[in-house]
Amino acid sequence: MYKIKSEKIFTGLIYVVLALLTLIMLYPLYFTVIASISEPYDVVSGNVILWPKGFTLDSYIQVFRNSEIWAGYRNSIVNTIVGTTLNLVLTIPAAYALSKKDLWGRGVFTTFFVITMYFSGGLLPTYLLVRDLDLLNKPYTLIMLGGFSVYNMVVARTYFQSSIPKSLYEAAEIDGCSRFGQFFRIAMPLAKPIIAVIALYYAVGRWNDFTTSLVYISDSDYFSLQQVLRNILMESQSALANIDASNVTAEQMVYFMRRAYLAEAMKYAIIFIASLPMLLFYPFVQKYFVKGVMIGSIKG
Amino acid sequence: MNKRTHSARVKGWKKRFLKNWQLYALLLPAVIYVFIFSYMPMYGVQIAFRDYRTSLGIWGSEWVGLKFFKQFVNYPNFLLLLKNTLSIGLYSIATFPCSIIFALMINEVKNVKFKKTVQMISYMPHFLSTVVICSMLTLFLNEKTGVINTIIEALGGTRQEFLTIPSLFNDIYVWSGVWQGLGWGAIIYIAALSNVPSELVDAAKVDGANRLKVIWHVNIPSILPTIVIMLVLSCGGILAVGFEKVYLLQNSLNLSSSQVISTYVYEIGIRGGQFSYSSAIGLFNNLVNVTILGIVNVVAKRLSGTGIW
């Protein structure tokens, strides 16, 4: 009797803790959304905690008036779509080739790739190389860099090795199908799930990447959305700081304060907009991501 | 005789190559890409041992040996950089049980709907960009306008500009990382737990074990190999503290805690143009990382029989 009771308490406790954790996971996102549609003054003075106050879309209008954000959006979308395509063209065929046990030099090639997971030239030698290749500050800089992930290739290779029956290839070979034919007509269609997983991994990485843009792009026309977001956040931070420091007339002060409030509220709108594509796709593709982790955890 | 075996061997080579040339063709683009963007910088890392001048090129620049490594070790803030990098790295690793505990709790939940919802929401933060996470932290922790300060004040505390307090930098960095990675990090353990044989659990229950005892004596030992591998992998990153997040949370006031090796390399290399010196620091960092990974792997293999190689 005593035992059953304690088991019940145990179960209840787990549910409560998990529910609390889930709320903590959700709250920052929820707050960002309600802050972005609330009256800027209420957000800045801390009146918004659980519910939106004084519904307004001013901050979104402000965001969409900003041409830098549009440019950032465009650059990030192009980088994500074209860049992910490049990633797949490099990764999937290589993964397929390395999944073939009769490929002479397979071990050497695998080592060639895996070494780069542990050793790298580092930031500066890479920067100098990119500079010498004349890839700094070009519209295609972000696309060209970050073209290949060894980890993703290993995941795809493991899938090719373990999920596509050898007999299919053998039958095709008897029918006179070339290695290319086997890749395009047999392996690719059967590997659709893993190609989707890898494409998603690459796309998320590209969409979220900030460092590449920071290091290799200084021309604001080619900034990624993440960098634009960062810059706007820094800018208006200094705008608020300037108010405290300068001695201006009361009227100017009111004007500046209003602008500063809006700039504050705008940040929440930008954060939400920058995460929106991710949040929209997420519920539909979640299971594919999880699948990728599972395949990746099998040692190939 | 000798000649014949030689030509036979060449023939064998050719045959194998011709049979598979299409596979090599599929492999080629990736090999070229990795060669250019990973191996050429490795070749270029020799500027760490030279006094690199752009006009002279890599080979034309004077060889100075370990000069820049010595310069780094003698840099007054060398120990501070190392301490900051190590403490952030070790602190992050110390939170790795969080995901395991989370997975063990999820594993106890029988209600499928609840389980699925918790999992789905907990994976979500993983997909937010570092810029978004850091922007949220900056906004929420702001002394005058941040919601965390508002809540703290409502609970009777005092407002603080958290991100400017050096002693709090590590806590903010690490626990926001836990917030972001808790669910995602748990996936692998949840999968491992689903493979625990139910006979084992039932047998333990028959023997009178309560659920905590089942977790401790059955579940945890069953996922131990997974735990060891994940731990070894994370140790490889002790000094590879992510540049992006530290850089984004950095400000002039918290620099005494937030200047780490990677941000220093960026600052003096990309911003300051000291190519050779910052290459030397980067190389130093890389070598230390690989050494630590190697040592941890050997230790893990000795202790538990599992490792990454």
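The values are calculated or read from the model by the stated rules, or taken from the named source; none is laboratory data. Predicted model, so just to flag it, every value in this text is computed and none were measured. Backbone-built Cβ (ideal geometry, glycine too); neighbour counts: all protein chains shown.
Quick notes on this structure:
- Matching residues in region A:206-224 - criterion: being at the interface with chain B (Cβ under 10 Å from one of its Cβ atoms), in contact (Cβ under 8 Å) with a residue 40 or more places away in the chain and not polar (S, T, N, Q): A:Trp207, A:Asp209, A:Val215, A:Tyr216
- Scanning region B:222-233 for residues that are modelled with pLDDT under 90, among the small types (Gly, Ala, Ser), under 20 Å from the mean Cα position of the chain (by Cα) and surrounded by 15 or more Cβ atoms within 10 Å (Cβ to Cβ) turns up nothing.
- Restricting attention to region B:104-119, the residues that are facing chain A (nearest Cβ under 8 Å), within 21 Å of A:Val285 (Cβ to Cβ) and buried (at least 17 other Cβ atoms within 10 Å of the Cβ) add up to 2.
- Subset of region A:41-53 (residues that are facing chain B (nearest Cβ under 10 Å) and buried (at least 16 other Cβ atoms within 10 Å of the Cβ)): A:Val43, A:Val44, A:Gly46, A:Val48
- A residue that is under 19 Å from A:Tyr96 (Cβ atoms) and buried (at least 17 other Cβ atoms within 10 Å of the Cβ) cannot be found anywhere in region A:211-228.
- Evaluation of A:Ser38 against (1) assigned to a helix (DSSP H, G or I); (2) touching a residue at least 40 places away in the same chain (Cβ under 8 Å); (3) of a type outside the set (A, V, I, L, M) (one fails), failing number: (1)
- Checking the stated criteria, B:Gly269 turns out to be over 18 Å from the mean Cα position of the chain (by Cα), within 25 Å of B:Ser129 (Cβ to Cβ), within 11 Å of chain A (Cβ to nearest Cβ) and surrounded by 19 or more Cβ atoms within 10 Å (Cβ to Cβ).
- Conditions (1) surrounded by fewer than 17 Cβ atoms within 10 Å (Cβ to Cβ); (2) touching a Lys or Arg at 6+ places or on another chain (Cβ under 7 Å); (3) not in a loop (DSSP other than H, G, I, E, B): number failed by A:Leu98: (1)
- Residues that are more than 10 Å from every other protein chain (Cβ to nearest Cβ) and aromatic (Phe, Trp, Tyr) within region A:143-183 comprise A:Tyr151, A:Tyr159, A:Phe160, A:Tyr169, listed in sequence order.
- Looking at B:Ser256, B:Ser194, B:Ser276, just one residue is surrounded by 19 or more Cβ atoms within 10 Å (Cβ to Cβ) and either within 12 Å of chain A (Cβ to nearest Cβ) or in contact with a Pro (Cβ under 7 Å, 6 or more places away or on another chain) (or both), and that residue is B:Ser276.
- Residue in region B:243-250 that is more than 10 Å from chain A (Cβ to nearest Cβ), surrounded by 15 or more Cβ atoms within 10 Å (Cβ to Cβ), touching a residue at least 60 places away in the same chain (Cβ under 8 Å) and out of contact with any Phe, Trp or Tyr (no Cβ under 8 Å at 6 or more places or on another chain) present: no
- Residue list for region A:25-36, restricted to those being more than 7 Å from every other protein chain (Cβ to nearest Cβ) and among the aliphatic types (A, V, I, L, M): A:Leu29, A:Val33, A:Ile34, A:Ala35
- The conditions of being surrounded by 21 or more Cβ atoms within 10 Å (Cβ to Cβ) and at negative phi are met by A:Thr32.
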